[in-house]
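Read the structure below first, then the notes.
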């Protein structure tokens, strides 16, 4: 067993443990931090596959942006942990069986002869000036163009659905209508009152001021 294999198994063990802790941690902030660890170890797997661009993108996008947003949301919301974890262990056996079936399917697909994994293991070492970014772009926009476009459409639909769910009218939420704000007139909000800058003092007021003792 060479050094690369040792690093792969160590990263895989860390990834499995951190992924399990993501769904079993009682504190949601701890679960988010375990997810960060899972992303970092996945980036290590990409580095072993000599896909440096994907590793850097995984760290920058998910760890540096998405997970920071998740942590802000988790810290700002008052989450009821006990209510959120209700029924977890009741559904855990079924979820475990489904996970084992998925792992078995992935193992059979990746380990059968003729797959891209077998071809990768039998390939020659890459040249020093090999650009995995260029190779990734060629694969995305030639062989996998239609799946790539389909994934972009699915993400667009998800964004529109999220906006629609957020903008729906609820009785317990306050919202503003930008159209009504833009159509408002000055006469509806502001009332101009004209008055004199100075009010002349009455004669009785002057006499009262003069009768006061001087300090």
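Readers should treat all values here as calculations from the given coordinates under stated rules, not as data from a laboratory. Predicted model only: the values in this text are computed from it and were never measured. Ideal geometry is used to build each Cβ from the backbone, glycine not excepted, and the neighbour counts take in all protein chains shown.
A few comments on the model shown:
- Using the Cβ-Cβ distance between residue 60 and residue 185 with R0 set to 45 Å, the FRET efficiency from 1/(1 + (r/R0)^6) comes to roughly 0.40.
- Residues of region 54-77 with amide N under 18 Å of a point placed 7 Å along Cα→Cβ from residue 14: 54-64
- Taking all Cα pairs closer than 8 Å and separated by 6 or more residues, the relative contact order of region 1-79 comes to 27 percent.
- Stretching the chain fully between residue 156 and residue 5 yields a gain of 50.4 nm (0.36 nm per residue, less the alpha carbon separation).
- Distance-filtered residues of region 42-61 - backbone nitrogen under 16 Å, label point 7 angstrom along residue 145 Cα→Cβ: none
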